[in-house]
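**Student:** Following this message is one structure expressed as structure tokens.
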2 protein chains.
Amino acid sequence: MAKQLLGKEVTDALNAKLIERANALKEKGVVPTLGIVRVGENPSDLSYEKGATKRAELIGINVQKFVLPEDASKEDLLKLIDEINANDAIHGVLMFRPLPKHLKADQNEICNRLDPKKDVDCMTDLSNAGVFEGRSDLGFAPCTPAACMEILDYYGIDCKGKNAVVIGRSLVVGKPAAMMLMGKNATVTVCHTKTVNTAEVCRKADILVSAAGVLNSLTKDYVRPGQVVIDVSINWDENKPNARGGLGAIAGDAVYAEVEPIVEAITPVPGGVGSVTTSVLMKHVIEAAERV
Amino acid sequence: MAKQLLGKEVTDALNAKLIERANALKEKGVVPTLGIVRVGENPSDLSYEKGATKRAELIGINVQKFVLPEDASKEDLLKLIDEINANDAIHGVLMFRPLPKHLKADQNEICNRLDPKKDVDCMTDLSNAGVFEGRSDLGFAPCTPAACMEILDYYGIDCKGKNAVVIGRSLVVGKPAAMMLMGKNATVTVCHTKTVNTAEVCRKADILVSAAGVLNSLTKDYVRPGQVVIDVSINWDENKPNARGGLGAIAGDAVYAEVEPIVEAITPVPGGVGSVTTSVLMKHVIEAAERV
């Protein structure tokens, strides 16, 4: 039976440290502040906003909300971002994406308007450059792969010289996870939809990060004893029993019941990576405030 | 006996296409122009400048040289870069690095002063972001890994689904080569000095890109029949016979005499990747001019 790598344990430990750092900042007269930019009333944005606000309060981070109507113009949004850039009291910014349809063509320009120093959710090109270059002075890494690293760190999993395999090459998870694992001195392989022998490659991994986003894609054929599996994906499984006694619940890429008995350690879904990302966002806000 | 992947063949074909594109630009009244920025009289800079100028002339690219004295100040150099940025007649810029010692601490700031649109040699963070994001609208990739891709393309080596292994994780070769191979749908593994089983990992490769920069590091233990080996490194081998009948010549990472008989194809050193990079630089200048 595998050791469960529990997001809650990681988050609790991380939060405790962040509360100390937030207090230290306040003693210096700095109130760490997260600006949340939302255009419209998308339910999933509202749900994430609620969770993030609660987490921020717990840590001692002030939250300032900037809500524009669904039909806000590009100019409205750019003006708001400019104001936030110029506002020294706001240290980090979370802007919900995707933006409404009429802003989609300009989303890249809008995202890059944010000062990378406040880009705690990696939406600027300079933050991406920082991830690629392995530098921490250019923006911040995306929260999800950073949460994977928090989990590895918390459980004392040394990556040096280990074979790490990442499934997925997206800019929000796969590629940055690969760079961060390389920064931890792992030998990193990235698999993707064009990889022909993914199961075989994965079995060679000491550390396997699955970000395929495909339910039940990570079967027993992909794993072997001794592996650490980080299941990043959040998929919907309509056949999985839920807490209300019915069917339909979130699940990762792993066929958990068959993978878990084989490997050494695994993150459950839910309760794994996802639950750490919000605290990582808060960590970035604290860091941004400390850097000022 | 392996097929030799000859830089000259690649360069000749590339140059022929670039000459056509340069002519097409001139017909539209645009003279593609490379600005060369040099601080001081470093012999290796002068030697590269001579080669680049000759190549540019061959292709029909105008070269404009901007030479500052060895003791130029940071302000002098920034002012020059600002002028070049504002000069629409200059499409691409090559600035020799490393800069003299007194400018070293500011080198990053100085490099990033250049407009990424003119950054044909990947010295800005935004160019790096473009490589990481797989976008061609943010600056240009470094010329050496781009030259590796030109060689693969010229010889019709399809990367899709192939296992590609890159030795080295530098920002000028290893990391960008990994990203570019991933962009060609290869399954990419990056090995480096902390990799414990490099030879074993390399033997699994279909395409092996060696950028270790260590003479004789790529032995027969690293290769197997069927592989394509791209030897990127330029090392000095004091025991290698040179053209003047003495000893001392440049050599790659591979122990060529033992690797070449095993693999399917290999780039010689000299005569491989190195000879393609200058034409790649010119390709970037042409592209920059075409984008205006």
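The values are calculated or read from the model by the stated rules, or taken from the named source; none is laboratory data. The structure displayed is predicted, hence computed values, not measured ones. Heads up, the Cβs are rebuilt from the backbone with ideal geometry, glycines too, and the neighbour counts pull from every protein chain shown.
**Student:** Within 13 Å of chain B (Cβ to nearest Cβ) and part of a helix (DSSP H, G or I) - does that describe any residue in segment A:220-232?
**Tutor:** no
**Student:** Let me ask something else about it. Can you tell me which residue among B:Glu41, B:Glu57 is more than 30 Å from B:Ala13 (Cβ to Cβ), out of contact with any helix residue (DSSP H, G or I) (no Cβ under 7 Å at 6 or more places or on another chain) and surrounded by fewer than 18 Cβ atoms within 10 Å (Cβ to Cβ)?
**Tutor:** It is B:Glu41.
**Student:** Moving on to the next point. In the set A:Gly35, A:Gly29, which member is outside any helix (DSSP H, G or I) and free of Cβ contacts under 8 Å to residues at least 12 places away in the same chain? Even if it seems obvious, please write down each step before you answer.
**Tutor:** Details: A:Gly35 fails: free of Cβ contacts under 8 Å to residues at least 12 places away in the same chain.
Of A:Gly35, A:Gly29, the one residue that is outside any helix (DSSP H, G or I) and free of Cβ contacts under 8 Å to residues at least 12 places away in the same chain is A:Gly29.
**Student:** Only one of these conditions is not met by A:Val63: (1) in contact with a strand residue (DSSP E or B) (Cβ under 9 Å, 6 or more places away or on another chain); (2) of a type in the set (A, V, I, L, M); (3) surrounded by fewer than 16 Cβ atoms within 10 Å (Cβ to Cβ). Which number is it?
**Tutor:** Tallying (1) in contact with a strand residue (DSSP E or B) (Cβ under 9 Å, 6 or more places away or on another chain); (2) of a type in the set (A, V, I, L, M); (3) surrounded by fewer than 16 Cβ atoms within 10 Å (Cβ to Cβ), A:Val63 fails exactly one: (3).
**Student:** Also, I was wondering about something else. Report yes if B:Ala186 is surrounded by 23 or more Cβ atoms within 10 Å (Cβ to Cβ), over 14 Å from the mean Cα position of the chain (by Cα) and within 27 Å of B:Gly35 (Cα to Cα), otherwise no.
**Tutor:** no
**Student:** Given (1) touching a residue at least 12 places away in the same chain (Cβ under 8 Å); (2) within 12 Å of chain A (Cβ to nearest Cβ); (3) outside any loop (DSSP other than H, G, I, E, B), where does B:Pro145 come up short, assuming only one miss?
**Tutor:** In the conditions (1) touching a residue at least 12 places away in the same chain (Cβ under 8 Å); (2) within 12 Å of chain A (Cβ to nearest Cβ); (3) outside any loop (DSSP other than H, G, I, E, B), B:Pro145 misses (2) alone.
**Student:** Are there any pairs with C-beta distances below 6 angstrom linking a residue in segment A:179-205 that is more than 8 Å from chain B (Cβ to nearest Cβ) to a residue that is buried (at least 20 other Cβ atoms within 10 Å of the Cβ) and in a helix (DSSP H, G or I), with the two at least 6 apart or on different chains, and if so which?
**Tutor:** What qualifies is A:Met180/A:Pro145; A:Met180/A:Met149; A:Ala199/A:Tyr222; A:Cys202/A:Tyr222.
**Student:** On to the next question. Identify the residue in segment B:107-124 that is touching a residue at least 40 places away in the same chain (Cβ under 8 Å) and in a loop (DSSP other than H, G, I, E, B) and, among all such residues, is surrounded by the fewest Cβ atoms within 10 Å (Cβ to Cβ).
**Tutor:** Taking the candidates together, the pick is B:Cys122.
A quick yes/no check of all residues on (1) part of a loop (DSSP other than H, G, I, E, B); (2) of a type in the set (D, E, K, R); (3) in contact with a strand residue (DSSP E or B) (Cβ under 6 Å, 6 or more places away or on another chain); (4) in the same structural domain as B:Glu41 (by TED's automatic domain parsing):
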{"site": "B:Ile90", "(1), (2), (3), (4)": "yes, no, yes, yes"}
{"site": "B:Ala105", "(1), (2), (3), (4)": "no, no, no, yes"}
{"site": "B:Glu150", "(1), (2), (3), (4)": "no, yes, no, no"}
{"site": "B:Ala177", "(1), (2), (3), (4)": "no, no, yes, no"}
{"site": "B:Met182", "(1), (2), (3), (4)": "no, no, yes, no"}
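**Student:** Is it the case that B:Ser279 is in contact (Cβ under 8 Å) with a residue 24 or more places away in the chain, surrounded by fewer than 19 Cβ atoms within 10 Å (Cβ to Cβ), among the hydroxyl-bearing types (Ser, Thr, Tyr) and on the phi < 0 side of the Ramachandran plot?
**Tutor:** No, not satisfied.
**Student:** I've got another one for you. Among the listed residues A:Pro225, A:Pro268, which satisfies the condition of being under 24 Å from the mean Cα position of the chain (by Cα), modelled with pLDDT of 95 or more and either crowded, with 21+ Cβ neighbours inside 10 Å or of a type outside the set (S, T, N, Q) (or both)?
**Tutor:** A:Pro268
**Student:** Quick check on A:Pro116: is it under 18 Å from A:Gly35 (Cα atoms) and within 12 Å of chain B (Cβ to nearest Cβ)?
**Tutor:** In short, yes.
**Student:** Those residues that are more than 8 Å from chain B (Cβ to nearest Cβ), assigned to a loop (DSSP other than H, G, I, E, B) and either modelled with pLDDT under 95 or within 18 Å of the chain's Cα centre (by Cα) (or both), I need them from segment A:158-175; list them, please.
**Tutor:** Passing the criteria: A:Gly168, A:Ser170, A:Val172, A:Val173.
**Student:** Turning to a different aspect of this structure: Condition first: out of contact with any helix residue (DSSP H, G or I) (no Cβ under 6 Å at 6 or more places or on another chain), acidic (Asp, Glu) and in a helix (DSSP H, G or I). Can you find one or more residues in segment B:190-201 that meet it?
**Tutor:** Yes: segment B:190-201 contains one or more residues that are out of contact with any helix residue (DSSP H, G or I) (no Cβ under 6 Å at 6 or more places or on another chain), acidic (Asp, Glu) and in a helix (DSSP H, G or I).
**Student:** Here's a follow-up. Just the residues that are of a type in the set (Lys, Arg) and either without any contact (Cβ under 8 Å) to a residue 24 or more places away in the chain or not in a strand (DSSP E or B) (or both), please, taken from segment B:38-58.
**Tutor:** Across segment B:38-58, the qualifying residues are B:Lys50, B:Lys54, B:Arg55.
**Student:** Then there is this: Anything in segment A:159-182 that is under 11 Å from A:Val209 (Cβ atoms), among the β-branched types (Val, Ile, Thr) and in contact with a Cys (Cβ under 8 Å, 6 or more places away or on another chain)? List them, or say none.
**Tutor:** Within segment A:159-182, A:Val165, A:Val166, A:Ile167 qualify.
**Student:** Something else about it: Do we have B:Lys104 as basic (Lys, Arg) and surrounded by fewer than 17 Cβ atoms within 10 Å (Cβ to Cβ) here? Break it down stepwise before answering.
**Tutor:** On the way: basic (Lys, Arg): yes; surrounded by fewer than 17 Cβ atoms within 10 Å (Cβ to Cβ): yes.
In short, yes.
**Student:** Just name the residue that is nearest to B:Thr267 (Cα to Cα) out of those in segment B:125-140 that are surrounded by 23 or more Cβ atoms within 10 Å (Cβ to Cβ) and more than 9 Å from chain A (Cβ to nearest Cβ).
**Tutor:** The extreme case among them is B:Phe140.
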